[in-house]
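Visitor: This is the structure, below, for whatever I ask next.
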Amino acid sequence: MSHVPPPVRRHWSEHGLVFIAPFLLVYGLFLLWPLLSGIGMSMSSDNIAGIGGDFIGLDNYAEALQDPNVWSSLWNTVWFTVLSTVPLVLTGLGLALLAHHLRFAQWLWRLSWFAPFLLPSGVVGLLFLWVIYPADFGFADQALAAVGLHPGIGWLTDERYAMLSIVLTTVWWTVGFNFLLYLAALQAIPQHLYEAAALDGAGPWRRLRHITLPMLRTTTGVVVVLQVLASLKIFDQVYIMTGGGPDDATRPILQYVFQAGFTGYRIGYASAVSYVFFALILLVSLVQLRLSRRTREENAR
């Protein structure tokens, strides 16, 4: 009769849990708990004074879906994302191509475009608010006057130009990050591919089209995903430069959440609006993930 050894009872530390326990504690304390607490808050009538807090179910969500301020703020956020993503991707790529082919002072080119990305949002907002965009004496109006155009444009006070002004500020501020990602990807492309193409008679444009851009496809996907998610979360520069004006023409959804919770004192309703926005970001992320996976599958064939 064969002897069956007793089951081995392993201590929990043998599975590595002792090493990830600090992370799990921080993850649960600062992410899972606020997430679950926010969901509960969004289904109550909580206010900033702590009075009330009765359970009201999905009433806040129903109100948010019928609130025109929610939809206008969402539209402003999506419109800013559309306006900013394309120039941020193309400008970052163009600057990286120029830097990659520079023969001298390449470090200065990289520093000059990445340095603004290191500035705090408050510094950038105040710089453009008080130096670049002031009427008549601002740098933007002075540049228009220098080329013979009529200055005095209400860069931040005219609904036609306010959102575009914020987009230009954001491009100058954050394009350095995309620039460095593209530059690193360009430096990783094997040089022998260009040498072989040159021997076959391919000119610079054909090499760009058939070698550089296809090799940068993965990096472009990463840049687009990161840029869309970052643009959807816009708040700082709008709050500093326009306060959401003029006439709420630039107010993003996060500013409306802030106003509903800390100006309107409706914490429960603000939580519901924020989770509606979270659902939008989650949907965008899933769509982009699906598109990138399909692209990888097509390339693998």
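The values are calculated or read from the model by the stated rules, or taken from the named source; none is laboratory data. All figures in this text were calculated on a predicted structure; none of them were measured in a lab. Every residue, glycine as well, gets a Cβ built from its backbone with ideal geometry; the counts of neighbours run over all protein chains shown. With ligands, DNA and RNA removed, areas are computed over all heavy atoms of the protein, side chains included. Shrake-Rupley method; radii C 1.70, N 1.55, O 1.52, S 1.80 Å.
Visitor: In Å², and per residue, what accessible area does the chain have when probed at 1.4 Å with the other protein chains present?
Guide: 62 Å²
Visitor: Give me the orientation-averaged projected area of the Cα convex hull of region 84-154, in nm², one decimal.
Guide: Values: hull surface 26.0 nm².
Its average projected convex-hull area is 6.5 nm².
Visitor: Sum up the charges of everything whose Cβ sits under 15 Å from the Cβ of Gly244, counting Lys and Arg as +1 and Asp and Glu as -1, but leave Gly244 out.
Guide: Within the 15 Å Cβ shell, the charges total -4.
Visitor: Work out the charge dipole of region 147-301 with +1 on the Cβ of Lys and Arg and -1 on the Cβ of Asp and Glu about the Cα centre, then indicate which of Val147, Thr242, Leu164 is farthest towards its positive end.
Guide: Working it through, the farthest residue towards the positive pole turns out to be Leu164.
Visitor: Then there is this: Ignoring everything but the protein chains, give the 1.4 Å probe accessible area of Met43 in square angstrom, nearest 10.
Guide: Surface accessible to solvent at Met43 totals approximately 50 Å².
Visitor: Right, here's the next one. Under a no-solvent Debye model with one identical scatterer per Cα of the chain, what's log10 I(q)/I(0) at q = 0.13 Å⁻¹?
Guide: -1.11
Visitor: Round to the nearest 10 and report in Å² the accessible area of Glu297, as given by a 1.4 Å probe over the protein chains' heavy atoms.
Guide: 90 Å²
Visitor: Given the convex hull of the Cα atoms of region 15-140, what is a quarter of its surface area in nm²?
Guide: Quarter of the Cα hull surface area: 16.3 nm².
Visitor: May I ask you to work out the translational diffusion coefficient for region 87-231 at 20 °C, viscosity 1.002 mPa s, via Stokes-Einstein with Rh from the Kirkwood sum over Cα pairs, reported in whole µm²/s? If you can, show how the numbers build up before the last one.
Guide: Details: Rh = 17.4 Å.
After rounding, the answer is 123 µm²/s.
Visitor: Moving on. Between Phe278 and Leu17, what length comes free when the chain is fully extended (0.36 nm per residue of separation minus the Cα-Cα distance, one decimal in nm)? Intermediate results must be reported in sequence, preceding the final value.
Guide: Working: separation 261, 0.36 × 261 = 93.96 nm, distance 3.09 nm.
Full-extension gain reported as 90.9 nm.
Visitor: Taking the Cα centre of region 145-301 as origin, work out the dipole magnitude from +1 charges on Lys and Arg Cβ and -1 charges on Asp and Glu Cβ, in debye rounded to 20. Write out the running numbers ahead of the final one.
Guide: On the way: 13 positive and 9 negative charges, 118 e Å.
Here region 145-301 has a charge dipole of around 560 debye.
Visitor: Further, regarding this structure: If you place +1 on the Cβ of every Lys and Arg and -1 on the Cβ of every Asp and Glu, how big does the dipole about the Cα centre of the chain come out, in debye to the nearest 20?
Guide: On the way: 17 positive and 17 negative charges, 290 e Å.
My answer is approximately 1400 debye.
Visitor: Hey, if you put +1 on the Cβ of every Lys and Arg and -1 on every Asp and Glu Cβ in region 238-301, which of Thr263, Ser292, Ser274 ends up farthest toward the positive end of that dipole?
Guide: So the residue we want is Ser292.
Visitor: Now, a different point. How much net charge surrounds Ser42 when only other residues with a Cβ under 15 Å from its Cβ are counted (Lys, Arg +1; Asp, Glu -1)?
Guide: On the way: positive: Arg266; negative: Asp46, Asp54, Asp59, Glu63, Asp67.
Overall, the nearby charge balance is -4.
Visitor: Looking at region 207-254 from every direction and averaging, what is the projected area of its Cα convex hull in nm²? Spell out each step's value before the answer.
Guide: Working: hull surface 18.4 nm².
Across all orientations, region 207-254 yields a mean hull projection of 4.6 nm².
Visitor: A further question follows. Each label point is 7 Å from the Cα along the Cα-to-Cβ direction; what then is the distance between the points at Asp200 and Asp158, in nm?
Guide: 5.1 nm
Visitor: Would you work out what percent of the accessible area of region 124-218, with all protein chains in place, is carbon or sulfur (probe 1.4 Å)? It would help to have the intermediate numbers written out before the result.
Guide: On the way: 3660 of 5560 Å².
On region 124-218, the fraction of accessible area on carbon and sulfur atoms equals 66 percent.
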